[in-house]
Each structure stands twice: as C-alpha cells, then as structure tokens.
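Here is the structure we will look at.
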Amino acid sequence: MLAGCTPARAALLFLLLGAALPYCSAIPIDDARNQLLAREKMMRLGGQLVLRHEEEVANAKLMALKEAEMRQALSTQEFPPSMHFFQAKGLMERSEVFKVLQRMPKGAALHLHDFGILSMDWLVKNVTYRPHCHFCRTPRGALKFKFAHPTPPAPTPAECSEWILLENYRKQLQNVSEFDNNLLKAFTLVTKNPDVTYATQDLIWSKFESIFFSISGLVHFAPVFRDYISRALAEFYEDNVLYLELRAMLYPVYELNGTLHDREWSVRTYKEVAQMFAKEHPGFIGIKIIYSDHRSKDASLVLESVQAAMALRAMFPRMVAGFDMVGREDTGHSLYDYKEALMVPASRGVNLPYFFHAGETDWQGTPSDKNLLDALLLNSTRIGHGFALSKHPAVLIDSWKKDIPIEVCPISNQVLKLVSDLRNHPAAVLMAAGYPMVVSSDDPALFGAKGLSYDFYEAFMGIGGMEADLRTLKQLAMNSIKYSTLMQSEKMAAMATWERRWNEFVADLAK
C-alpha cells in the first residue's frame, strides 16, 4: 500500500470531494502517479469537457502563451495574481494571455452591483460637466452631488455645507485637470500604495462605502440613470459579455424639478434601456435585477424589503430575479438575524429566489462566517463570494449536491483585503475539485477595472494555476449561462449565441 493511503483518509476524500476512493496497490510509483494526475485532471472544473480538434489547436497556443508568462514570472518574481491589482494592472494589460481573454466570449456576469460597473472616468468627465450639477461637503469631508435648477434646497449644517454650482466652481480654478483627477480619486479605491493607504479592512470598507454615498446624487438623477445603464452595458458588451444580473437597491430616482420616481419606475427603465440596447447590439441577451437591501438595517425594515421584492417579482417576473442582502458581512447583521423576514415568502407559498452574499469573510466561526449555513438552509440559488466555503465541509457537500454555485470575484476579494496572493484564494481548491462556480467582477469601476477580463485573468492565471486551460475557461463561460436566472428556453438561445461567438474566437485563436 502506498504511504498515507489509509481507509480513513480515503473515506475523507470521498466525503469532501465526492470522488472515487483512492486506488491503492503495489503498482509502480510512476504508473500510480500518472493515474493520480489523470484523475485530478478529470476532477477539476472543465476537466470532463472534450475539445474539438480546432479547440485543441487553440488550447495549445493559449497554453504556450501561459507557460511563457509563468516562466517569465518565475524569473522576475513579478506575477500579477500575486501582486495587488492596483500595482499589477499595467503588467496585466501587457500580457498576451490577457489580450486573448479580452477577445474571449465570456457569457454572463452574474455578480455585479448597480452603480459600481461603469468606469468612473465617465462620471467625472461627462456627468459632473452637465448643467445644473451642484456639490457640497458633509461635516466628515465626503462629497455630495445634486442636480437642481436653480439650486437644491438649502442643507442643514449637519447634512452638508453650502451647495456650489460645479460649472461656476471650475471657472474659478487655475488647474481644472487637478480637480478632476481628485474627483476620480474620490470615486475609486485606486492608490499607489494600497497596503499603506488601507492598512485595515475597516479603512478600505469605509472608503468603499463612502464612494457609493458620494456618487448617489449623480447616478440617481433620471437622465444620468438612463445613460449610466446604457454606457455600462456597452462597456461589458465591448468586453464580450452578453448578459448581466445586477444587485440593485432601487433607491428613488429624481428629476431636475425634484420629482421622485419609485422602484417600479426604475425597473421599467432598466427594462426599456436594455431592450433598446439589444436592438442596436447583435447578440446582447439582456439584464435582470436582484433587488437588494443593506444588512445594516433593522429586521422590520428588511421585512418590508422582502415584501417589496415579492411585489416587484410579481409585477416584473422576467426582469426581477430575486432578493439579496448586501454590505459588509463582518459588521452587518447576519442572515440568521433576519431569518423570520427571509422565511416569509416560503410561509406564504411565494417563490422568491435568494442570491445571498455569504462567507465574504476570513473570520472563521463568527456570525458572518455562519452566513453560509443560513444561505444553504434558505435555499440560496447562488452564493455571492463564498470565500469561506472551504472551511465548512458539511455546507460544501450539501451545496454541491444541490448544485449551488459560488460567484467568485477575485479582484474584489483581494482589494477588500481577504487575500493578498490570489494563488492562495480558497476558490483554487474548489476549482481543482470541480465545484460549480462562475467568475464575476463585483464593482469593477471602484477597482479601476472594466468588464470581466481582469477577473478572468486572475482566475485563469492565479486561481487556476498551470492546470487551468481552455477547458476551464469554456466551463466558466458555460456556467455563467447555466446558472443564470434566464428561463430554460432563454438559456438555450443564449447558449447558441455564445457558442457561435466561441467558435469564431477559437477559429481566430487557432490560426
């Protein structure tokens, strides 16, 4: 018997990985080694896909590029997934593998937040230059914006300083570019020395949430709201993403005269803009909304949001996919705190799918860590992040049996200080074992990224290591359609659209 191959260990592997029991015999070690390698290759994500001849040719070219970059990284010790994204981005953009991934049809992006998905350059250079844009500062120094004519209502000293028309303010400046660059810094987390600027998770999360506070007055202005959706869809479409599912809190949207629009208006607007975009962009499939609320709220308010989600889904069954709780897990309420509110739909016989953020923490054994248990028990359709899943073997086994995928967001997990070297991301274990997953980008605009390609690069090069090849990429893209909330007929149509683009991509790569 090979060393270490005990019945107990074999049984553990069977339980954790759902695999066949290890084969233990006195065969030559080289043969045993090759058998193990073959089994591992079959087990990993995409390992059971059979590639066509042209895909094999394309895969050989892709892996040659990957191996060359790995050899270079071993020599220079500069490997983007092991570096902070803010410092690795430029190196990544020079990568031949990255350029291939940009051309690759990636299917769908299933974990995105409504106003963190479009490059902040557009907000600074377009939106803040529009007429009637005012700004002020809160007592804590945060920027606040409001479109109004002639001026917004006077703020109280506790809320904000005096409103200033941005157009007039810029006219008084000697260096407008410097001001705009400072605005861009206020709207993103990007910094030259992230480990110094954000020494703790508290600091990075404080800045992260302050950005959404600052831009809210810009993006919730009705004309900007419409334009933002359309521009964001264009940015993802250019990155070869054909379908999006957005977590959206659906705050009131306002007009210049102060008129407020409700949630139903916002959902209708998402639908109308997406339909118009689809008419002008061949192959684009559409968007859906996952209505969300913040986990800082009291249970009574969350109950109201659950009821609102049920009403919205009844009103827009093909547009509103379900409900989620967002915000930092470590400092917010746990799913267990909200259990009564979250069990209301089932008690009423209403189907309200859940898409819970769960396990976005590295504090094992805490209430936030146990969100994974409650996400499973509440039948979450997918699990957002699932960073701590590998620490919960029982949850892992049961969620695997239920085919509940995790939405892996590599750059977000790194920037928000859960893991520094993406080769050590917990998803590496799950990917190697074949656990169902999709790759998404969370809030790319806040990280200085665009679309999905940057996160796919981190997943392919860092999380997947040298074993991840074209099969892995193909499986991830197909998973994004399989685990979407599209109806079965829509999934079949989406898969057909994606396959045509995939075949074109493969043919181009093979040449």
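The values are calculated or read from the model by the stated rules, or taken from the named source; none is laboratory data. On a predicted model such as this, the values are computed, not experimentally measured, just so you know. Every residue, glycine among them, receives a Cβ derived from its backbone with ideal geometry; neighbour counts consider all protein chains shown. Accessible surface is based on the protein model in full, side chains and every heavy atom, while ligands, DNA and RNA are left aside. Shrake-Rupley method; radii C 1.70, N 1.55, O 1.52, S 1.80 Å.
Quick notes
- Residues satisfying the stated conditions in the range 23-81, i.e. out of contact with any Ser or Thr (no Cβ under 9 Å at 6 or more places or on another chain), in a loop (DSSP other than H, G, I, E, B) and within 28 Å of residue 415 (Cα to Cα): 77, 78, 79
- Any hit, the range 206-222, residues being assigned to a loop (DSSP other than H, G, I, E, B), over 20 Å from the mean Cα position of the chain (by Cα) and surrounded by fewer than 18 Cβ atoms within 10 Å (Cβ to Cβ): no
- Test: residue 268 is buried (at least 20 other Cβ atoms within 10 Å of the Cβ) and assigned to a helix (DSSP H, G or I): no
- Candidate set: the range 298-310, residues that are touching an Asp or Glu at 6+ places or on another chain (Cβ under 9 Å) and not acidic (Asp, Glu); chosen: the one farthest from residue 360 (Cα to Cα): 308
- Criterion: within 20 Å of residue 318 (Cβ to Cβ) and in contact (Cβ under 8 Å) with a residue 60 or more places away in the chain - qualifying residue of 233, 246: 246
- Residues (more than 28 Å from the chain's Cα centre (by Cα) and among the small types (Gly, Ala, Ser)) located in the range 31-77: 32, 38, 60, 64, 68, 75
- Residue under evaluation residue 95, criteria (1) free of Cβ contacts under 8 Å to residues at least 40 places away in the same chain; (2) of a type in the set (Gly, Ala, Ser); (3) touching an Asp or Glu at 6+ places or on another chain (Cβ under 8 Å), criterion not met: (1)
- Of the residues 221, 236, the single one that is of a type in the set (Phe, Trp, Tyr) and touching a Leu at 6+ places or on another chain (Cβ under 7 Å) is 236.
- One residue alone among 343, 319 is touching a Leu at 6+ places or on another chain (Cβ under 8 Å), aliphatic (A, V, I, L, M) and open to solvent by 10 Å² or more (accessible area, probe 1.4 Å), and that residue is 343.
- Residue match in the range 87-96 (condition: open to solvent by 50 Å² or more (accessible area, probe 1.4 Å) and part of a loop (DSSP other than H, G, I, E, B)): yes
- Test result for residue 188, surrounded by 13 or more Cβ atoms within 10 Å (Cβ to Cβ) and out of contact with any His (no Cβ under 7 Å at 6 or more places or on another chain): yes
- Residue match in the range 111-122 (condition: in contact with a strand residue (DSSP E or B) (Cβ under 6 Å, 6 or more places away or on another chain), of a type in the set (A, V, I, L, M) and not in a helix (DSSP H, G or I)): yes
- On the stretch given as the range 432-458, residues that are touching a Cys at 6+ places or on another chain (Cβ under 9 Å) and in a loop (DSSP other than H, G, I, E, B) total 3.
- One residue stands out in the range 272-310 among those that are assigned to a helix (DSSP H, G or I) and among the polar types (S, T, N, Q): the one that is surrounded by the fewest Cβ atoms within 10 Å (Cβ to Cβ), namely 300.
- Odd one out for residue 397 among (1) assigned to a helix (DSSP H, G or I); (2) buried (at least 24 other Cβ atoms within 10 Å of the Cβ); (3) of a type in the set (A, V, I, L, M, F, W, C): (2)
- The single condition among (1) more than 28 Å from residue 233 (Cα to Cα); (2) open to solvent by 20 Å² or more (accessible area, probe 1.4 Å); (3) outside any helix (DSSP H, G or I) that residue 429 does not satisfy is (3).
- For the range 438-456, the count of residues that are open to solvent by less than 20 Å² (accessible area, probe 1.4 Å) and more than 15 Å from the chain's Cα centre (by Cα) is zero.
- The listed residue being small (Gly, Ala, Ser) and out of contact with any helix residue (DSSP H, G or I) (no Cβ under 9 Å at 6 or more places or on another chain), out of 477, 496: 496
- Check on residue 233, more than 19 Å from residue 412 (Cβ to Cβ), among the hydrophobic types (A, V, I, L, M, F, W, C) and touching a His at 6+ places or on another chain (Cβ under 6 Å): no
- Any hit, the range 474-495, residues being modelled with pLDDT of 95 or more, under 15 Å from residue 284 (Cβ atoms), surrounded by 17 or more Cβ atoms within 10 Å (Cβ to Cβ) and of a type in the set (Lys, Arg): no
- Among the residues examined, residue 109 does not qualify as without any contact (Cβ under 8 Å) to a residue 12 or more places away in the chain and closer than 25 Å to residue 420 by Cα.
- Residue in the range 362-383 that is in contact (Cβ under 8 Å) with a residue 60 or more places away in the chain and surrounded by 24 or more Cβ atoms within 10 Å (Cβ to Cβ) present: yes
- For the range 225-252, the set of residues classified as part of a helix (DSSP H, G or I) and farther than 22 Å from residue 189 by Cβ consists of 225, 226, 227, 229, 230, 233, 234, 237, 238, listed by residue number.
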